[in-house]
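The values are calculated or read from the model by the stated rules, or taken from the named source; none is laboratory data. As the structure is a computational prediction, the values presented were derived from the model and not from experiment. Don't worry about glycine lacking a Cβ; one is built from the backbone with ideal geometry, like all the others, and counts go over all protein chains shown. Remember, those area values only see protein heavy atoms, side chains included, never the ligands or the DNA or RNA. Shrake-Rupley method; radii C 1.70, N 1.55, O 1.52, S 1.80 Å.
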Number of protein chains: 2
Amino acid sequence: MELQEGKDKFIQAWGTLGSHWGINRTMAQVHALLLISENPLSAEEIMETLKISRGNANMNIRALIDWGLVFKELKPGERKEFFVAEKEMWEVIRKIIIQRKKKELEPVIRVLNDISNVEQNSPEAQEFARVIEDINLFAQKADSTLEALVKSDQNWFVGTFLKNMMK
Amino acid sequence: MELQEGKDKFIQAWGTLGSHWGINRTMAQVHALLLISENPLSAEEIMETLKISRGNANMNIRALIDWGLVFKELKPGERKEFFVAEKEMWEVIRKIIIQRKKKELEPVIRVLNDISNVEQNSPEAQEFARVIEDINLFAQKADSTLEALVKSDQNWFVGTFLKNMMK
DNA sequence: CTGAATTTTCAGAACATTTTGAAAGTTGAA
DNA sequence: TTCAACTTTCAAAATGTTCTGAAAATTCAG
């Protein structure tokens, strides 16, 4: 396979992955492009490579910077901004976990806590309370698991954690 | 809080969670409704409670059955079909992991394998190969971790696994 | 069989998200 | 300052997704 073909396929795949993840396609494609680019790219270059508009490029680069997946890099003597991706894969994963946890898990935990104060003792209410309690248990576990992952470093993850998992 | 208010909030929250998950809002709401319902509900009842159309109800119930999150239940003497949700939360989670892994992870793994045969020895190709290799490592780990989770039972998960995690 | 009850399908409508591009805003070298 | 280079914003357009409702298909009691 040609290098260029490989790169294109990767950008497509990463984009699709993103879209199954609440990350928008273009944002993921920009990320992919920067990931496999040897040197920092300007907004202009990103626009041209991915064939997207200026506004679109700007928005998504901004979002990637918010997520901590991309950094701005200024070249001395150049007015333009250049961008590089975080290339340490473990960091990339941590950053993504942080965002997804915030968006997916935390709001649910808030509602569950809120809901736990349903009064009444009807059998119906009991059943409801049971389901909520059960979900709550898993939500708490998931929360602390992810929290631990986010705080851990790669060696611990790839070494200790996965060894424990697989035994 | 009133029971009904709690139920409504839960259905809303579960719907929102779903939509951050590639599960569509209505599908998640139908699931929520069935989860907290004491007895099986008919399509009719689901339509009325959630104020959705017949077609919509049908589609999403079908999808939930595909995922293994909802079961059809026939009452003797009744022509109508009734539906119940899988209420064992650990099972629910397993079923969701299975689907998400299939949709999110597996296609990427396929592309990564495909892409690994990029020829060329330019420094550019080297860099590309490095990034892909790195992602591949994590993808494999994630795959086997999820595979193990799916095969494990609840006690192992809540007991052993999480204790190891937190230590 | 027949036909009423029920489920399924699907084209178009409604809604939601993403993208564009032009205009407004910002920046810094001269 | 000034002004060209560059970045940001945002309303409208394009695209993508979900939902509706009526029609077609299926099912089964009589």
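Picking from A:Glu48, A:Glu2, A:Glu78, A:Glu38, which residue would you name as being modelled with pLDDT of 95 or more and more than 29 Å from B:Arg25 (Cα to Cα)? One residue alone meets the criteria, A:Glu48. When B:Gln140 is tested against (1) farther than 20 Å from A:Val92 by Cβ; (2) open to solvent by 50 Å² or more (accessible area, probe 1.4 Å); (3) within 14 Å of chain A (Cβ to nearest Cβ), only condition (1) is not met.
Residues are listed down the side, and each one gets a yes or a no for (1) farther than 30 Å from A:Ser42 by Cβ; (2) over 27 Å from the mean Cα position of the chain (by Cα); (3) of a type outside the set (Asp, Glu):
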{"residue": "A:Pro76", "(1), (2), (3)": "no, yes, yes"}
{"residue": "A:Glu86", "(1), (2), (3)": "no, no, no"}
{"residue": "A:Asn113", "(1), (2), (3)": "yes, no, yes"}
{"residue": "A:Asn121", "(1), (2), (3)": "yes, yes, yes"}
{"residue": "A:Glu133", "(1), (2), (3)": "yes, yes, no"}
{"residue": "A:Leu137", "(1), (2), (3)": "yes, no, yes"}
{"residue": "A:Ala142", "(1), (2), (3)": "yes, no, yes"}
{"residue": "A:Thr145", "(1), (2), (3)": "yes, no, yes"}
{"residue": "A:Ala148", "(1), (2), (3)": "yes, no, yes"}
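Selection of helices (runs of 4 or more DSSP H) fully inside segment A:25-81 by the criterion of at least 1 residues being surrounded by 18 or more Cβ atoms within 10 Å (Cβ to Cβ) and free of Cβ contacts under 8 Å to residues at least 12 places away in the same chain returns A:43-50.
A single entry from A:Glu44, A:Glu86, A:Glu48, A:Glu91 fulfils the requirement of being farther than 29 Å from A:Glu147 by Cβ and either within 12 Å of DNA strand D (Cβ to nearest atom) or touching a helix residue (DSSP H, G or I) at 6+ places or on another chain (Cβ under 9 Å) (or both): A:Glu44.
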